[in-house]
Amino acid sequence: MKTLVIAEHDNASLKIATLNAVAAATALGGEVDILVAGGNCGAAAEAAAQVPGIAKVICADNPAYEHSLAENVSLLVAELGADYDNLLAPSTANGKNIMPRVAALLDVGQISDILSVESADTFKRPIYAGNVIATVQSADPKKVITVRTTAFDAVPASGGTAAIEACAAVHDAGVSQFIREEVAESDRPELTSASVVISGGRGMQNGDNFTLLEGIADKLNAAIGASRAAVDAGFVPNDYQVGQTGKIVAPDLYIAVGISGAIQHLAGMKDSKVIVAINKDEDAPIFQVADYGLVADLFEALPELEAAI
Amino acid sequence: MKALVAVKRVVDYNVKVRAKADGSDVDLNNVKMAINPFCEIAVEEAVRLKEAGTVTEVVAVSVGDSSCQEQIRTALALGADRGIHVEVDSKPEPLVIAKLLKGVIALESPDLIIMGKQSIDGDNNQTGQMLGALTGMGQGTFASELKIGDGSMEVVREVDGGLQTISLALPAIVTTDLRLNEPRYASLPNIMKAKKKPLETMTPDQLSVEVKCHVTQIGVAPPPERAAGIKVEDVTQLVDKLKNEAKVIG
């Protein structure tokens, strides 16, 4: 059995999500290769070569792949897919964008967001916002899979010395073009891999009040997240959103502040190890999943919390 | 310019769905059904483009059993001009839906296809991208803004790090994210008018698509339950618990 993991990277470095996907690939067994498709992505390929247990890294370095346009990268992955039994990518915005296209090119179904590998063709995955866990079986000769990163512990980033093989195949579908990207720069850990996350909801009342979370986040080296309500209201940008259709997080500690706890938000954080909820409404559904609930006015509780930690 | 919007009938987003006790499937008895929220955003966007004069006709298509005509009527009440129902008895998979939509596209030749990024039942997030591959069209997934130009369009996409803007040659496929727009409510007169709008039915045979099974659900179970938590009195007790009981902060 051979598995190809599609790396998540920014051309200069490898993202942790790749290491979660490699863990899922390892669970499938057999040989595991990593594809780094990008533009000037040599550094990312070298990082991938250090992941232990990898047979080889395929580096497709071409301007057509620089911004990971799905139309181009999917053609490359589908071509390389001829040599593999399984094609895996983390369930990131990028993985979700590319992999269904790959599956359709190969005329196979896709198994989205797997939580576990039960056997070579059987997987568990969440449906209905994670209120139900389905066991699904693929009848296809090749499996195209996206991996819920929080369900697989990342493999180590270093220790391996895999060979890097350059891939010269160029696929430019010619139907899409990158224009620009607005990416928030932050010194904080990434939301999806932080060990502590503190999130604000509608109860924060406005974007300025998110500064109340920042002091605590600084002390705990936490990432800052938000509920859909807070993002929709314009308090914070979309990349803060935790939930069914936003980011899925499972940190050691999740602190929900002024978040009522809609099903869709719970879907994105209820696998956190310890959940703290601070909300002035004692009937808020968030308390049903919280290990520690504090019924309090967040504008009083947050400064106290910052001082106490 | 013609816009095609795909709509799916799903469990209403407020319903907390549960697995049946025997683990065979989810329990959907007497559960409220609705148009998938992301599909509703797709309809709204197409209707706004029509109101702005960019689009001249909005065609709403749904794949499913006869009950999904209800959701096509909802789309018509929101402002779509006519409906197409592709009748499939089983619960079709994303790849099959994409193939059926490709068949409809071959008949309708739309310039723009707008659909939801995922349906809130299967949470697959696949159909739009698959349709892109099958038709060779470009895709603007997880869209939060569209600007239609001459022969191309710009799509602002919600990605993990922030926002990405891409340009796509038309015809192209857009999948909607939450912040693309806020859908309107259908007015009673529009609901009445929608009943008279044309709704055509097609079969997979007519579209030369075989309804195949790629991924089978073999069982369902509830997610692991969290042990009941406690309420703490104040911040002092909270910090004490986090330090000494949960040991998650130093």
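Rule-based calculations on the coordinates, nothing more; no lab input. Just so you know, these numbers come straight off a predicted model, no measurement behind them. Reconstructed Cβ throughout: ideal geometry from the backbone, glycine too, with neighbour counts over all protein chains shown.
Here is how the numbers come out for the structure above:
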{"item": "Student exercise, the stretch B:106-176 dipole from Lys, Arg, Asp, Glu Cβ charges, in Debye to nearest 20", "result": "80"}
{"item": "Computed over the stretch A:61-185: relative contact order in percent, which uses C-alpha pairs under 8 Å that are six or more apart", "result": "32"}
{"item": "Estimated FRET transfer efficiency (B:LYS91, B:GLU51; beta-carbon r; R0 25 Å; 0.05)", "result": "0.15"}
{"item": "For the stretch A:227-309, the spread of Cα positions along each principal axis, largest first, Å", "result": "32, 27, 25"}
{"item": "DSSP-defined antiparallel bridges as percent of all bridges, the protein assembly as shown, nearest 5", "result": "35"}
{"item": "The stretch B:18-113 shape via C-alpha gyration tensor axes, a/c threshold 1.5", "result": "prolate"}
{"item": "Tilt relative to chain B, helix B:37-51 - C-alpha long axis, 0 to 90 degrees, to 10", "result": "40"}
{"item": "Antiparallel bridge percentage (DSSP; both residues within chain B; nearest 5)", "result": "40"}
{"item": "Segments A:237-249, B:17-29 sorted - mean Cβ within 10 Å per residue, highest first", "result": "A:237-249, B:17-29"}
{"item": "Degrees between helix B:94-108 axis and first principal axis of chain B (Cα, 0 to 90, nearest 10)", "result": "20"}
{"item": "Positive-end residue, chain A charge dipole about Cα centroid, Cβ charges, pick of A:VAL36, A:ALA89, A:VAL170", "result": "A:ALA89"}
{"item": "Anisotropy class of chain A from Cα gyration tensor, a/c 1.5 cut", "result": "prolate"}
{"item": "Peptide B:68-76, shielding by other chains (average Cβ, 10 Å cutoff)", "result": "0"}
{"item": "Pairwise label distance in nanometres, A:ASP153 with A:THR122, each label 7 Å out on the Cα-Cβ vector", "result": "2.5"}
{"item": "Hypothetical label at A:GLU165: residues of the stretch A:24-43 whose amide nitrogen lies under 14 Å (7 Å Cα-Cβ projection)", "result": "A:31-36"}
{"item": "Spin-label model distance (nm) - B:ASN244 vs A:ASP107, 7 Å beyond Cα toward Cβ", "result": "6.7"}
{"item": "Length-normalised contact order for chain B - Cα pairs under 8 Å, 6+ apart - percent", "result": "23"}
{"item": "Point-charge dipole on Cβ atoms (K/R +1, D/E -1) for chain B, about Cα centre, debye to 20", "result": "300"}
{"item": "Whole-number percent relative contact order across chain A, with pairs defined as alpha carbons under 8 Å at least 6 apart", "result": "15"}
{"item": "Overall form of the stretch A:135-184 per C-alpha gyration tensor (a/c, 1.5; a/b vs b/c)", "result": "rounded"}
{"item": "Highest to lowest packing among A:89-102, B:68-81, scored as the average C-beta count within 10 Å", "result": "A:89-102, B:68-81"}
{"item": "A:ASP85-B:THR203 pseudo-label distance in nm [points 7 Å out on the Cα-to-Cβ vector]", "result": "4.0"}
{"item": "Cβ-based charge dipole, the stretch B:28-155, positive-most Cα from B:GLY149, B:THR135, B:ILE113", "result": "B:THR135"}
{"item": "Dipole magnitude of chain A, debye to nearest 20 (Cβ charges: Lys/Arg +1, Asp/Glu -1, about Cα centre)", "result": "620"}
{"item": "Kirkwood-Stokes translational diffusion coefficient of the protein assembly as shown, alpha-carbon pairs, 4 °C, 1.567 mPa s, µm²/s", "result": "54"}
{"item": "Given charges at Cβ of Lys, Arg, Asp, Glu: the stretch A:255-309 dipole, positive-most of A:VAL274, A:LEU294, A:GLY258", "result": "A:VAL274"}
{"item": "Other protein chain Cβ atoms within 10 Å, averaged over every residue that makes up A:103-116", "result": "5"}
{"item": "Footprinting exposure proxy for B:ARG9, A:ARG202, B:ARG179 (fewest neighbouring C-beta atoms within 10 Å first)", "result": "A:ARG202, B:ARG179, B:ARG9"}
{"item": "Acute angle (nearest 10 degrees) that the helix B:69-78 long axis makes with the longest principal axis of chain B, alpha-carbon atoms", "result": "80"}
{"item": "Antiparallel content of DSSP bridges confined to the stretch A:1-72, in %, to 5", "result": "10"}
{"item": "MRE, 222 nm, helices only [DSSP H, n ≥ 4, -39500 (n - 2.57), over the protein assembly as shown, to nearest 500]", "result": "-7500 deg cm²/dmol"}
{"item": "Shape box of the stretch A:217-264 [Cα atoms, principal axes, largest first, Å]", "result": "28, 21, 18"}
{"item": "Protection proxy ranking, peptides B:208-218, B:85-95, B:107-117, average beta carbon neighbours within 10 Å, highest first", "result": "B:107-117, B:85-95, B:208-218"}
{"item": "For chain A, the longest site-free run once GluC sites (Glu not before Pro) in DSSP loop states with at most 13 other Cβ atoms within 10 Å are removed", "result": "A:1-184"}
{"item": "Violating pairs (Cα-Cα greater than 30 angstrom) within the set A:LYS280/B:LYS20; A:LYS270/B:LYS50; B:LYS8/B:LYS212", "result": "A:LYS280/B:LYS20; A:LYS270/B:LYS50"}
{"item": "Average other protein chain Cβ within 10 Å of Cβ, residues B:3-14", "result": "1"}
